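Reviewing the structure listed below.
The values are calculated or read from the model by the stated rules, or taken from the named source; none is laboratory data. This one's a predicted model, so the numbers in the text were calculated from it and none came from an experiment. With ideal geometry, Cβ positions are generated from the backbone for all residues, glycine too; neighbour counts draw on all protein chains shown. The accessibility values were calculated without ligands, DNA or RNA, using every heavy atom of the protein model including side chains. Shrake-Rupley method; radii C 1.70, N 1.55, O 1.52, S 1.80 Å.
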Amino acid sequence: MMTQTDKKPARRAPHAAHLSRYLRPVVAPALVLALLASPVVAAELPTGFFAGVSAGVGVVSANPIGLAEVDEDTHGVGAGKLTAGYWFHRNWGVSVGYAALGNFTQKYTTGEFRGRARSLMISALGRLPLTDRWTLIGSVSATRNRIDDRGSTPGVAEFSKLHGSKSNLVFPGLELQYRLSDKMSVSFEVQGLGKAAEKVDVGYAGVGLRWNF
């Protein structure tokens, strides 16, 4: 007779596939607008300091830990992000950011894991003007992600694989910016952030504002 511990966890799709389910609603409209924009001469890009704030979806994807799950293993939760950086060339820059990725609950037959995810990142940036108002930005980021246990069911040893912290090198992050004025832009961003614990991956998608100084 097969017991719960004898069952092999079902093979999951790659994390990127789970992430895209939450990111498509943010990115697709921006891509369509950019493609429909008039193909005019690209404007000059500002250099110097910039800062931004955005709100969106934190994506938390739990990998199998040897316990039977009783709900979805990928969660989209309310999240926010703060960013500051410097463009030292019209095409190249750097930034630092902090993302609060929200609270989530992963349910198993043996109990519930409740966690809170967050991420710190340092990024190298490259940007390409598409039109006089639309700009595409790509990033390579070093991230430090963390998940804190927020009152999980006690006594479940496997839950140790779902909290802690991890460092990652991730790419590419993508961002589309639409210039409202010389000092302000609307941004649409998507980024996989890598692992936050032994068995958890995280990502972020959001819409926000950027200011140039």
Scan segment 66-94 residue by residue and report those that are hydroxyl-bearing (Ser, Thr, Tyr) and either at pLDDT below 95 or farther than 20 Å from residue 117 by Cβ (or both).
74, 86
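With respect to residue 145, determine if the residue is under 18 Å from residue 119 (Cα atoms), in contact with a Gly (Cβ under 8 Å, 6 or more places away or on another chain) and open to solvent by less than 20 Å² (accessible area, probe 1.4 Å). Even if it seems obvious, please write down each step before you answer.
On the way: under 18 Å from residue 119 (Cα atoms): yes; in contact with a Gly (Cβ under 8 Å, 6 or more places away or on another chain): yes; open to solvent by less than 20 Å² (accessible area, probe 1.4 Å): yes.
When the stated conditions are applied, residue 145 passes them.
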Those residues of segment 128-161 that are under 18 Å from residue 46 (Cβ atoms) and assigned to a loop (DSSP other than H, G, I, E, B) come to a total of 4
Assess whether residue 115 counts as being closer than 18 Å to residue 65 by Cα and either touching a residue at least 24 places away in the same chain (Cβ under 8 Å) or touching a Phe, Trp or Tyr at 6+ places or on another chain (Cβ under 6 Å) (or both).
yes
In this structure, does residue 176 turn out to be open to solvent by less than 70 Å² (accessible area, probe 1.4 Å), closer than 18 Å to residue 60 by Cα and touching a residue at least 40 places away in the same chain (Cβ under 8 Å)?
no
Yes or no: residue 108 within 16 Å of residue 210 (Cβ to Cβ) and not β-branched (Val, Ile, Thr)?
no
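Restricting attention to segment 125-135, does a residue exist that is within 18 Å of residue 81 (Cα to Cα) and in contact with a Gly (Cβ under 9 Å, 6 or more places away or on another chain)? Walk me through it before giving the result.
Let us first name the residues in segment 125-135 that are within 18 Å of residue 81 (Cα to Cα), namely 125.
From the residues that got through so far, the ones that are in contact with a Gly (Cβ under 9 Å, 6 or more places away or on another chain) too are 125.
Yes, segment 125-135 has at least one match.
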State the number of residues belonging to segment 148-167 that are surrounded by fewer than 17 Cβ atoms within 10 Å (Cβ to Cβ) and closer than 24 Å to residue 59 by Cβ.
10
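Residue by residue, here is whether (1) within 19 Å of residue 55 (Cα to Cα); (2) among the small types (Gly, Ala, Ser); (3) out of contact with any Gly (no Cβ under 8 Å at 6 or more places or on another chain); (4) open to solvent by less than 50 Å² (accessible area, probe 1.4 Å) holds:
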{"residue": "107", "(1), (2), (3), (4)": "no, no, yes, no"}
{"residue": "117", "(1), (2), (3), (4)": "yes, yes, no, yes"}
{"residue": "169", "(1), (2), (3), (4)": "no, no, no, no"}
{"residue": "172", "(1), (2), (3), (4)": "no, no, no, no"}
{"residue": "182", "(1), (2), (3), (4)": "no, no, yes, no"}
Of the residues in segment 126-141, those that are open to solvent by less than 50 Å² (accessible area, probe 1.4 Å) and closer than 15 Å to residue 193 by Cα number 3
Residues in segment 158-173 that are closer than 13 Å to residue 199 by Cβ and either touching a residue at least 40 places away in the same chain (Cβ under 8 Å) or not hydroxyl-bearing (Ser, Thr, Tyr) (or both): how many?
7
